[in-house]
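Peer 1: Structure provided below as structure tokens; questions to follow.
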Amino acid sequence: MFKYLNILFLLVLLSSCASGYVEPVGIFYSEVTLNKEIKPPASIGSRYGEACATSIMGVYASGDASIRTAAASGGIRMIMAVDYKKTSIMWIGYQKICTIVYGE
């Protein structure tokens, strides 16, 4: 029994290393914020806007998490940085992803 658990643990460990950059995922709950731009500007601006979309059980999804909608919600005309915030409960049960735009 322990032999199989060790092999399973080793396979999971090696598969995550071989896949490159992947956002952190929690099986029961996760809430992470990720940066879209590789080179952040010196200033990210004094305003921010947010737009979100949700999914329930992979059956129902709604919302507009586009950069355009996030910028409009914050009254931003010049985008300086973009982040993404993802919240997940019970892996695929509930997911919410938000686009956060910073600028002037």
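The values are calculated or read from the model by the stated rules, or taken from the named source; none is laboratory data. Here the structure is a predicted model, which is why all the values come from computation and not from measurement. Note that we place each Cβ from the backbone using ideal geometry, even for glycine, and neighbour counts take in every protein chain shown.
Peer 1: Condition check: under 19 Å from the mean Cα position of the chain (by Cα), at pLDDT 90 or above and of a type outside the set (Val, Ile, Thr). Does residue 88 satisfy that?
Peer 2: For residue 88, the condition - under 19 Å from the mean Cα position of the chain (by Cα), at pLDDT 90 or above and of a type outside the set (Val, Ile, Thr) - is not met.
Peer 1: Something else about it: Exactly one of these conditions fails for residue 15: (1) at pLDDT 90 or above; (2) exposed (fewer than 10 other Cβ atoms within 10 Å of the Cβ); (3) not aromatic (Phe, Trp, Tyr). Give me its number.
Peer 2: Failed condition: (1).
Peer 1: If the Cβ limit is 8 Å and pairs must be 6+ apart or interchain, which residue in region 47-63 that is polar (S, T, N, Q) pairs with which residue that is at pLDDT below 90?
Peer 2: Filtered contacts from region 47-63: 54/94; 54/95; 55/94; 55/95.
Peer 1: Next up: For region 57-104, how many residues meet the condition of being over 28 Å from residue 27 (Cβ atoms) and assigned to a strand (DSSP E or B)?
Peer 2: The total comes to 6.
Peer 1: Of these, 47, 77, 68, which one is surrounded by 15 or more Cβ atoms within 10 Å (Cβ to Cβ) and modelled with pLDDT of 90 or more?
Peer 2: Of 47, 77, 68, the one residue that is surrounded by 15 or more Cβ atoms within 10 Å (Cβ to Cβ) and modelled with pLDDT of 90 or more is 47.
Peer 1: A follow-up question, please. Scan region 54-104 for residues that are within 16 Å of residue 43 (Cβ to Cβ) and either in contact with a Cys (Cβ under 9 Å, 6 or more places away or on another chain) or among the hydroxyl-bearing types (Ser, Thr, Tyr) (or both) and jot them down.
Peer 2: Within region 54-104, 83, 102 qualify.
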